[in-house]
Structures are given as C-alpha cells and as structure tokens.
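What follows is a set of notes on a single structure, which appears directly below.
The values are calculated or read from the model by the stated rules, or taken from the named source; none is laboratory data. Please read all numbers here as calculations on a predicted model, not as lab measurements. Positions of Cβ are backbone-derived with ideal geometry, glycine not excepted, and every protein chain shown enters the neighbour counts.
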Amino acid sequence: MGNINSKGIKENTYDAIVIGSGISGGWAAKELCEHGVKTLVLERGRDVKHLIDYPTMAKDPWDFPHRNELTLKEKEDNPVVSKCYAFREDAMHFFVKDKEHPYIQEKPFDWIRGYQVGGKSLTWGRCTQRWSNFEFTGPQRFEFGWDWPIRYEDVAPWYSHVEKFIGICGSKDGLEAMPDGEFLPPFELNQVEQHLKDSLLKNYGDRYLVHARWAHLTQPNQIHLDQGRGKCNARNLCQRGCPFGGYFSSNSSTLPWAAKTGNLTIRPFSVVHSIIYDEQQQKATGVRVIDTNTKEATEFFARVIFVNGSTLNSNLILLNSISNRFPNGLGNDSGVLGKYICHHNYRGSLGGEIDGFDDTYYYGRNPTDAIIANYRNLHKKDADFIGGYTTYAGAHRDRDDGQTFPQQMGAEYKQSMTKPGPWKVYSYVQGETIPKEKNHVRLSKDKKDEWGIPQLITSVEYDSNDDKLLNDYFVQTEEMFSKAGVKNIHHSDSKQAPGLDIHEMGGCRMGTDPKTSMLDKMNALHHCKNVFVTDGACMASTGNQSPSILYMTLTARACNYVVEEMKKGNFK
Amino acid sequence: MKRRRFLSSVAIILPATMVSTEFFLSSCKAEVKEGYFSEENIKLLDEIGETIIPATSTSPGAKAAKIGGFMKVYVTDCYTPEEQNIFWQGVNKIKKISKDKYGNEFPKLALLQKQEILLSLNSENKINTDTPQFYPMMKNLVVFGFFTSKPGATKALRYIQTPGYYKGNVPYKKGDKAWAT
C-alpha cells in the first residue's frame with residue numbers, strides 16, 4: 001500500500017460499507033439505507049446512471065456500423081469476453097475488456113465481468129426461479145457436499161420480499177421442484193410452446209413446461225411505478241439498458257431507491273484492496289480502497305461490511321485481507337476460502353423443427369424463455385449422475401432462410417425470405433455442478449494488477465458427473481421433443497470453459513460447521529461476525545435454478561438481521 | 001437478449017478453418033489495399049447485391065440499402081485477411097468474366113447476363129466443397145446486410161423497435177411478412 005490519504009477517520013466513517021454495486025450490492029444498499037443506516041457503496045468501475053448512460057438503447061439494427069457484430073480486432077483483443085453471447089456492438093461497453101483486468105487461467109476459465117455501477121445487473125439473463133428444498137438438502141441427501149445451514153422456509157419470506165419489489169412475471173404452477181412466488185402476469189406461451197407443454201404432460205405426467213419466471217414488469221404495481229419504472233415493452237433489447245425500466249437492474253431500481261433516503265454514498269472508481277481487521281476489537285473496522293484512476297489509497301470505516309464484489313472478486317478481496325490473526329485471508333481458519341468454486345453447466349443446446357402451426361405467429365419480442373422444471377434426483381436418486389438441471393425451451397418462427405429455393409438470387413428468392421419460415425424449437429441446459437475442493441481460486445504470489453492487488457489464479461474444471469448430466473439432458477430432451485413431433489433434431493456440446501455460464505459460485509460458502517465453511521446461517525463470517533458475504537461466493541452448492549435472485553434474497557435477509565441487531569445495540 | 005440468441009445467430013462468413021493452404025498458393029492472390037473500396041468498386045458491389053436481392057414491386061432492393069457501402073465497413077473490419085482475399089478474388093473474377101465473355105463492365109450488363117455470371121460462380125463452387133466458396137460468402141453478406149438495413153427491415157420485412165407488448169398467438173395469413181427482429 002502507498003500512503004494512506006485518510007481525510008480523517010470521522011469523515012470517512014459510515015454505518016455500513018457495501019463492496020460492489022451489482023445485483024446483490026444494490027440490494028444491500030436499498031435495505032440498509034431504507035432502515036436509516038448510513039451506507040457507502042464502493043464500485044471499482046465507472047458510474048452508470050439509469051437512462052442517461054444507456055447510449056445504445058434507442059438504436060435500430062442499421063444504426064450499428066457492423067449491424068451488431070464484432071470486428072476482427074475486437075475479437076482478437078478480447079478472446080475471453082468476446083465469447084459471451086451479449087458482448088456485441090450494442091452492449092460491449094458494459095463488459096470488462098480482456099486487457100483491462102488480467103487474471104491467470106491455470107485451467108481455462110472464461111471470467112466475464114462488468115465493472116460499473118450496477119455491475120452485471122445491467123446485462124444479466126433475468127431468470128428468477130426460486131430454489132426448492134430439493135436443492136437445499138441435495139448435498140446432504142446425496143452426500144456430495146456439506147449441508148446448507150438454511151432451508152427453503154428460511155428464505156421463502158425474503159424471496160417474496162424481493163420479488164414484490166423487483167417484479168417477477170410467471171404463473172403459479174404448484175411445482176414442488178420450483179416453488180411459486182409473487183408473480184406478475186406471465187409472458188404468454190406461443191402455440192408451439194403450448195403444444196410442447198401439453199405433450200410433456202400427456203407423455204410423462206410429471207414433466208412440466210411452465211411460463212418463464214423472469215424479472216420483467218408485465219404489469220407494474222404501485223411499488224414499481226414509485227421506482228420510476230414502467231411496463232416491459234417486449235423489445236428484447238435488455239442488455240442495452242431499458243428506457244422503460246422494464247427489467248430489474250440495480251441502476252433502475254435498488255440504487256436510486258437507496259439514494260432517495262439520503263443515506264447512500266456511492267463511490268465509483270474505488271477498487272477494494274482489502275478489509276481491515278482490528279486484532280484488539282476482534283472485528284473488521286473498514287476497507288482499504290485504491291482510486292482506480294489516481295492509484296491513491298484511502299481507508300473507509302464502518303460498523304458492518306457487506307462483501308458483494310461478485311463471486312470471484314469477493315474471494316479475491318477476502319484472500320487479500322491478511323492480518324496476524326488471519327494470515328490466510330479474512331475469516332479463513334478453516335482453509336476453505338477460495339475452494340469449492342462451482343458453476344452451472346451451460347454446455348448443451350438442442351433444437352429442431354416442427355411442422356404445422358402455419359396459421360399462427362406472434363406479436364412483439366418475448367424477452368423470456370419457457371422453463372422445463374428439473375425432473376432429476378428429486379425425491380430419490382434416479383440418474384447416473386448427481387444433481388439436477390433446468391431446461392429452458394421455446395419456439396420461434398424466423399424469416400425464412402430461402403435455402404430450399406433453387407436459384408439463390410433474384411426476385412423470387414428475395415420474396416421467399418420476406419415470409420416466416422417453419423417453426424423452430426430450441427432448448428438449452430442449466431446443470432448443477434458439484435463443489436469440489438480442487439476447483440479453486442487463489443492469489444498469484446508474484447503477478448499483480450495495475451492497482452498493486454495480486455492477480456487471481458483460476459483452477460476450475462468439469463468432471464465426469466457433468467458429462468453424464470449433459471448426456472442425460474440430450475437423451476431426455478430429444479425424446480421429449482420427438483414425442484411432441486419435433487424433427488431434424490440436432491444437439492450441440494459447446495465444450496465451453498467454466499465461467500462462460502456467468503454463474504460462478506462458491507469459495508466462501510455457508511455452512512453449519514466453522515471447520516468446513518466460511519459463513520454462518522446469516523451469511524456472516526464465522527470468525528469475523530461483522531463481515532457479511534451475500535453474493536455468489538456464499539453458495540454451498542449450485543442447485544439447478546438461476547442464482548441471482550437467491551443472492552438478492554440472502555442479502556435482504558442478512559441486512560434486516562443487521563438492522564435488528566443494531567436496534568439491540570449490537571454492531572457498535 | 002435471451003441466451004438462445006447464440007443458437008440461431010447466422011453464419012455470415014465462412015469459418016477461417018475452411019480456407020485451404022493450397023488455395024492461396026495456387027491462385028492469383030488479391031492484394032487487399034487501403035482504398036480498395038473505391039467508388040467504382042462500391043458501385044459494382046451495389047450491382048452484385050441488387051442482382052441477388054433486387055428491388056421488387058413490394059420493396060426496395062440491396063442497392064437502395066447501400067449494400068456496397070455496408071460491405072466496405074463490414075468486410076474491412078470483420079473479415080480475416082484470408083476471407084478478404086476470397087472476397088476480392090471473387091469480385092475480380094466477376095469483373096473479368098464480364099469483360100471477357102460479355103464485353104462490358106458488370107454494372108452495364110443486362111440482368112440475365114449478371115445472373116448468369118453469379119450463377120456460374122455459384123455452381124462452380126458446388127463442385128468441390130472443400131475449397132472456399134465465394135458465392136455463398138457474398139450471398140450471405142448481401143442477405144445479412146439487406147435485412148438489417150432500414151429499407152430491408154422496414155419495407156421487405158416488418159420492424160417495430162418498441163412493440164409495446166407481447167402476444168404469443170396472433171393469426172398468420174399467407175403472405176404476411178416476417179418480423180425483422
């Protein structure tokens with residue numbers, strides 16, 4: 001560290017510090033500020049103001065010089081992030097370029113990052129199913145990990161709390177594997193999707209294709225209008241930032257809500273070097289921050305600290321928070337910090353064509369996918385692998401490709417391409433992966449980034465369980481689609497590296513036993529009780545549901561716990 | 001954007017791996033120089049585009065979509081040097097056949113003659129699929145450029161930036177145009 005340019009401890013002291021302004025950091029800010037807690041949110045990237053900083057939101061396809069494709073140079077300069085489906089001409093300004101923050105891939109890992117106020121909440125996938133007890137009890141029941149210290153009942157009310165505020169569309173389907181929530185009206189299924197749903201029920205009885213559960217305001221309530229947000233206009237251009245605030249992001253929702261209380265300070269360009277631990281008081285007292293532009297170091301102080309820097313960066317900060325008491329990273333008596341990194345298996349996709357339905361089409365662009373709820377390893381182990389998977393599915397009817405037209409030029413060829421082609425059915429998998437000690441991140445001993453912080457080494461890989469799960473998805477989905485009349489079915493294993501799923505989790509997991517876990521049931525470090533980790537780093541297993549809403553839920557729950565404790569005079 | 005978009009993205013250019021070494025060694029290598037997209041060449045590309053996607057009674061064609069200007073930006077920035085080579089070799093071949101066989105420059109030929117030239121390049125490519133294919137590359141570029149242009153998206157197809165709502169089931173009448181996005 002260079003000179004500590006503290007402007008006096010008092011001036012740099014808040015009630016709470018939140019590291020990170022993404023999907024969970026935004027929630028920490030909202031909950032704490034609403035309860036009168038003076039909160040400093042530290043963001044390593046630039047500020048992004050809702051609407052003002054969405055430069056591409058009103059652009060048409062022809063407004064992009066390369067029609068939303070990447071240039072050769074952009075691909076060559078960014079071999080990692082250019083693999084991301086949303087890193088395109090219209091939204092690349094919301095992603096970290098490869099050169100901007102290097103890391104070391106001991107094994108291939110595509111680390112996709114969004115360093116700006118709002119983080120990846122600007123560009124996230126927006127899928128928001130609840131976890132069920134099948135997931136919370138999975139590691140214990142099937143002996144593939146340590147038990148979660150919480151159950152569905154602990155988080156259910158907080159799921160509701162979050163869902164009501166951010167707005168989730170969906171339909172109440174009464175599925176044990178995917179509990180219902182507080183839903184706004186769903187996006188309709190189109191005729192082919194409805195046919196798939198009916199076919200699944202008829203042929204299996206216990207496999208359910210249901211409406212998307214997605215963070216979109218299909219019919220805003222007063223609480224959403226109060227946030228300045230409006231109805232989703234079915235543009236499906238979400239990754240650019242929404243002019244209507246139709247999908248949830250920190251920028252459109254939690255951060256401005258927190259700011260309205262007068263209790264919020266956001267400090268962009270502030271990368272956290274480490275958390276300060278006071279050996280005498282036996283608690284964390286603040287954080288060391290480096291200004292990313294001037295490289296100047298500053299310290300900020302608070303009674304509680306929330307770590308929401310995104311899964312791997314939260315691990316990095318804790319690993320880099322060294323003291324005499326914690327020589328291996330803050331709270332890391334167990335030695336598990338940085339280990340058991342896991343992710344979602346996103347390698348598989350499968351699709352085909354279906355005849356008929358020629359007299360039906362759709363209006364608008366559905367920004368969601370239907371969901372086939374997990375049907376594997378629920379009450380008992382019924383597959384040759386551990387864990388479950390979510391299958392996303394849908395049907396669409398694109399412009400005809402004119403391929404059947406013999407002469408690939410001329411008026412008739414053109415005319416054929418102005419009409420819709422056959423219906424196509426698609427699916428992709430979101431599979432659980434199993435936490436393993438050897439899948440880990442650690443700090444480089446010699447390589448540092450431009451702010452003097454050790455670079456992160458990623459060492460994460462798939463195993464045979466992932467291959468078996470993927471194979472089952474292919475076999476089962478092909479069978480389900482075939483029974484529904486889908487033909488010309490093709491499937492693909494992208495073999496993509498871990499990380500490109502952008503669902504990295506773990507490293508600072510929750511657990512009942514401080515010897516095998518980092519966090520207690522309220523997401524506080526077992527050995528440093530005023531530091532809370534409520535982003536993806538806290539995950540003890542991955543489940544098969546999309547994780548972001550669980551991070552938000554755990555964050556809201558932990559913040560309210562902090563507020564209650566503060567009222568009792570704790571966290572002084 | 002839905003994650004499924006990556007499944008349906010159109011292959012606009014040939015993957016570089018399809019380019020065989022033999023091809024480069026054996027054929028006259030086109031030099032890709034700055035300014036290669038001269039005004040004259042852009043006019044030629046407009047004409048090639050218009051032959052593939054012509055104006056019809058219902059909608060404008062590739063020329064109205066300024067397809068040559070689009071190619072200048074797209075080919076320069078998005079094609080690999082190898083792909084640019086295939087592109088220019090094909091274009092030069094079109095120029096040569098126009099002069100040698102029809103005695104005039106491509107833009108000045110009759111529609112049928114233009115089509116004959118492009119068809120000959122298309123069928124030529126079908127003989128050996130291992131070698132890079134100029135015509136599919138050119139055709140995909142024209143189709144992509146046209147349907148993402150304003151005239152293509154709004155006149156040949158239907159385009160609404162902000163639909164306002166989604167309806168999963170609306171009747172489709174034969175002849176109705178497809179959505180552009």
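Data table
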quantity: Residue check for A:Leu189: surrounded by 21 or more Cβ atoms within 10 Å (Cβ to Cβ), under 30 Å from A:Arg376 (Cβ atoms), within 10 Å of another protein chain (Cβ to nearest Cβ) and not small (Gly, Ala, Ser); calculated: yes
quantity: Residue that is farthest from A:Arg397 (Cα to Cα), among those in the range A:333-362 that are surrounded by fewer than 18 Cβ atoms within 10 Å (Cβ to Cβ) and among the charged types (D, E, K, R); calculated: A:Asp333
quantity: Residue list for the range B:130-181, restricted to those being facing chain A (nearest Cβ under 7 Å), closer than 23 Å to A:Thr368 by Cα and of a type in the set (Lys, Arg); calculated: B:Lys167
quantity: Filtered residues of the range A:407-446 (kept if more than 14 Å from chain B (Cβ to nearest Cβ) and part of a loop (DSSP other than H, G, I, E, B)); calculated: A:Glu432, A:Thr433, A:Ile434, A:Pro435, A:Lys436, A:Glu437, A:Lys438, A:Asn439
quantity: Test: residue in the range A:363-376 that is within 30 Å of B:Thr51 (Cβ to Cβ), surrounded by fewer than 21 Cβ atoms within 10 Å (Cβ to Cβ) and within 14 Å of another protein chain (Cβ to nearest Cβ); calculated: no
quantity: The range A:58-77 residues that are more than 7 Å from chain B (Cβ to nearest Cβ) and farther than 21 Å from A:Arg235 by Cα, paired with ones that are part of a loop (DSSP other than H, G, I, E, B) and of a type in the set (Phe, Trp, Tyr) (beta carbon under 9 Å, 6 or more apart); calculated: A:Leu70/A:Phe87; A:Glu74/A:Phe87
quantity: Residue satisfying condition, being in a helix (DSSP H, G or I) and within 14 Å of chain B (Cβ to nearest Cβ), within set A:Lys164, A:Lys99, A:Lys120; calculated: A:Lys120
quantity: Exclusive hit being of a type outside the set (S, T, N, Q), within 14 Å of chain B (Cβ to nearest Cβ) and touching a residue at least 24 places away in the same chain (Cβ under 8 Å), set A:Asp384, A:Asp449, A:Asp398; calculated: A:Asp398
quantity: Boolean, A:Tyr208 is modelled with pLDDT of 95 or more, in contact with a strand residue (DSSP E or B) (Cβ under 9 Å, 6 or more places away or on another chain) and within 14 Å of another protein chain (Cβ to nearest Cβ); calculated: no
quantity: Yes/no for A:Lys107 being assigned to a loop (DSSP other than H, G, I, E, B), touching an Asp or Glu at 6+ places or on another chain (Cβ under 6 Å) and outside the structural domain of A:Pro186 (by TED's automatic domain parsing); calculated: yes
quantity: Given (1) surrounded by fewer than 18 Cβ atoms within 10 Å (Cβ to Cβ); (2) within 17 Å of the chain's Cα centre (by Cα); (3) among the polar types (S, T, N, Q), number of the condition B:Asn104 does not satisfy; calculated: (2)
quantity: Residue check for B:Asp46: surrounded by fewer than 21 Cβ atoms within 10 Å (Cβ to Cβ), within 18 Å of A:Trp62 (Cα to Cα) and at pLDDT 95 or above; calculated: no
quantity: Test for A:Leu175: is it out of contact with any Ser or Thr (no Cβ under 9 Å at 6 or more places or on another chain) and modelled with pLDDT of 95 or more; calculated: no
quantity: Residue identified as out of contact with any Ser or Thr (no Cβ under 6 Å at 6 or more places or on another chain), assigned by TED's automatic domain parsing to the domain that holds A:Glu299, modelled with pLDDT of 95 or more and small (Gly, Ala, Ser) among A:Ser274, A:Ser253; calculated: A:Ser253
quantity: Selection status of A:Thr254, over 22 Å from the mean Cα position of the chain (by Cα) and touching a residue at least 60 places away in the same chain (Cβ under 8 Å); calculated: no
quantity: Breaking point among (1) within 12 Å of chain A (Cβ to nearest Cβ); (2) in contact with a helix residue (DSSP H, G or I) (Cβ under 6 Å, 6 or more places away or on another chain); (3) modelled with pLDDT of 95 or more; (4) not in a strand (DSSP E or B), for B:Pro107; calculated: (1)
quantity: Looking only at the range A:160-180, and only at residues there that are among the acidic types (Asp, Glu) and in contact with a strand residue (DSSP E or B) (Cβ under 8 Å, 6 or more places away or on another chain), the one that is surrounded by the most Cβ atoms within 10 Å (Cβ to Cβ); calculated: A:Glu163
quantity: Those residues of the range A:71-86 which are out of contact with any Asp or Glu (no Cβ under 7 Å at 6 or more places or on another chain) and either assigned to a loop (DSSP other than H, G, I, E, B) or closer than 24 Å to B:Gly152 by Cα (or both), in sequence order; calculated: A:Cys84, A:Tyr85, A:Ala86
quantity: Test: A:Ala484 is buried (at least 16 other Cβ atoms within 10 Å of the Cβ) and either in contact with a Leu (Cβ under 9 Å, 6 or more places away or on another chain) or modelled with pLDDT under 95 (or both); calculated: yes
quantity: Residue that is farthest from the other protein chains (Cβ to nearest Cβ) [pool: residues in the range A:346-362 that are part of a loop (DSSP other than H, G, I, E, B) and under 13 Å from A:Val192 (Cβ atoms)]; calculated: A:Asp355
quantity: Criterion violated by A:Lys49 - all others in (1) surrounded by fewer than 15 Cβ atoms within 10 Å (Cβ to Cβ); (2) part of a helix (DSSP H, G or I); (3) touching a residue at least 40 places away in the same chain (Cβ under 8 Å); (4) not β-branched (Val, Ile, Thr) satisfied; calculated: (2)
quantity: Hits in the range A:159-175 (condition: out of contact with any Leu (no Cβ under 8 Å at 6 or more places or on another chain) and hydrophobic (A, V, I, L, M, F, W, C)); calculated: A:Val162, A:Phe165, A:Ile166, A:Leu175
quantity: Residue within the range A:108-122 that is surrounded by fewer than 19 Cβ atoms within 10 Å (Cβ to Cβ) and out of contact with any helix residue (DSSP H, G or I) (no Cβ under 9 Å at 6 or more places or on another chain) present; calculated: yes
